[in-house]
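Have a look at the structure below, then the notes.
Only the coordinates and a few stated rules stand behind these numbers; no lab work does. These numbers were taken from a predicted model, which means no experiment stands behind them. Heads up, the Cβs are rebuilt from the backbone with ideal geometry, glycines too, and the neighbour counts pull from every protein chain shown.
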Amino acid sequence: MTRWIAALITAVAVVGTSQAYAQDAAPGPGTVVVTIIPGGGTFFTESKNTGRTSFGNYDLGAGVTVHLNRYVGIEGEVSGSVGVAQDLLIAGRTSNTKSPNSLNYSGNLVVSAANKSSVVPYVTAGIGGLSLFEKTSLGINGTDTFFTSNVGGGVNWYAGRWGLRGDYRFVAVQSKDDAPDFFGQETRYGHRIYGGVLLNLTR
């Protein structure tokens with residue numbers, strides 16, 4: 001999956017660059033742009049102090065960006081993180097277990113490069129929440145919601161009404177005293193990457 005996403009990001013850069021040189025008036029983002037996320041992944045690293053296990057999930061979702069101008073936009077994003085079977089270190093023992101499902105939602109400020117190419121790099125940062133769903137086999141006995149923050153960047157390629165997007169985020173999940181032992185009793189950090197399809201709703 002990681003190789004597929006990396007290939008998509010490479011394709012965005014290569015194809016988009018060739019398009020940029022092929023036309024004088026390069027296409028770009030409209031006022032409202034929808035991102036459809038058919039595939040991605042989030043990987044949480046092992047916790048520093050308690051050694052809680054690392055794990056990864058498959059992501060899919062969508063986002064909407066409203067551009068205040070060509071360079072600054074505000075994005076709302078919702079994604080589902082689907083648990084996958086993997087080796088998890090639990091209570092000192094390794095067990096092949098499906099990771100918990102979660103729902104991620106955030107509001108982000110997006111600042112795009114000041115260029116007139118169809119390939120548009122950007123940086124982004126925002127805040128939001130993560131709802132971790134019940135999974136009793138991991139000691140998660142109900143839905144727990146955590147405050148999150150993220151920072152990252154990526155590249156968009158526009159071809160008229162449609163386009164492609166590759167995105168990376170560094171994610172921090174704030175701890176809670178009453179969080180389950182598996183996740184959330186100390187601040188956790190993760191890496192999220194996805195490939196998406198862009199749809200310009202307005203031009």
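For labels at residue 60 and residue 149 in the simple 7 Å Cα→Cβ model, what's the distance in nm?
Going from the residue 60 label point to the residue 149 one covers 3.2 nm.
In percent, how large is the relative contact order of region 44-143, given Cα pairs closer than 8 Å and 6 or more residues apart?
After rounding, I find 21 percent.
Residue 50 to residue 159: extension gain in nm, 0.36 nm per residue of separation minus the Cα-Cα distance?
Taking 0.36 nm per residue and subtracting the Cα distance, the gain is 34.5 nm.
Once the Cα atoms of the chain are picked out, what are the Rg and Dmax in Å?
Both quantities, over Cα of the chain: 18.4, 61 Å.
Between region 154-203 and region 53-89, how many Å separate their Cα centres?
One Cα centre to the other: 3 Å.
Treating the angle as unsigned and between 0 and 90°, give the value, to the nearest 10°, between the Cα long axis of helix 2-22 and the longest Cα principal axis of the chain.
Between the helix axis and the principal axis of the chain, the angle is about 10 degrees.
Around residue 176, what is the net charge, scoring Lys/Arg as +1 and Asp/Glu as -1 over all other residues with Cβ under 15 Å from its Cβ?
-3
Report, ordered by chain and residue number, the lysines lying within cross-link reach of residue 135, taken as a straight Cα distance under 25 Å and ignoring same-chain residues fewer than 8 apart.
48, 98, 176
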